[in-house]
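The values are calculated or read from the model by the stated rules, or taken from the named source; none is laboratory data. Here the structure is a predicted model, which is why all the values come from computation and not from measurement. FYI the Cβ positions are ideal-geometry reconstructions off the backbone, even for glycines, and counts take in every protein chain you see.
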Amino acid sequence: MNIYEMYTENGDIADFWVKHKSWGIGTAARVLSIDGLSFGKLKGKAPYFVGNPVVLCEFYVQGKLENSALLLPDADTDSYYRINELDGLIINKNEGVIG
């Protein structure tokens, strides 16, 4: 599933957490917007919509905000997966608490 499909699965709302398969433990991103939208339908059809829209995120390392406006690369690939955020800690059931 790519980032755009995750957005759709999240009810056409950004504000969800992802991790890339190649990122180390404690690294995660919070998706803020896609194609300038924090909510609402994306243009086109899944899985790529119109022109692989730009994904803006916050980037965290060891629970600390490292970049508040990062463009997420390769959002059209299945290299990302969703994780949960809870009480300021990033939780990944595969890795345990990382924050």
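Numerical summary
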quantity: Residues located in segment 52-62, provided they are surrounded by 14 or more Cβ atoms within 10 Å (Cβ to Cβ) and part of a loop (DSSP other than H, G, I, E, B); calculated: Asn52, Pro53
quantity: Among residues of segment 62-99, those that are modelled with pLDDT of 90 or more and either of a type outside the set (D, E, K, R) or in contact with a helix residue (DSSP H, G or I) (Cβ under 8 Å, 6 or more places away or on another chain) (or both), counted; calculated: 16
quantity: Residue list for segment 17-46, restricted to those being in contact with a Pro (Cβ under 8 Å, 6 or more places away or on another chain) and in a strand (DSSP E or B); calculated: Ile34
quantity: Selected residue (criterion: farthest from Asn67 (Cα to Cα)) from residues of segment 14-34 that are buried (at least 20 other Cβ atoms within 10 Å of the Cβ) and of a type in the set (Val, Ile, Thr); calculated: Ile34
quantity: Phe49 outside any strand (DSSP E or B) and either among the hydroxyl-bearing types (Ser, Thr, Tyr) or surrounded by 13 or more Cβ atoms within 10 Å (Cβ to Cβ) (or both); calculated: yes
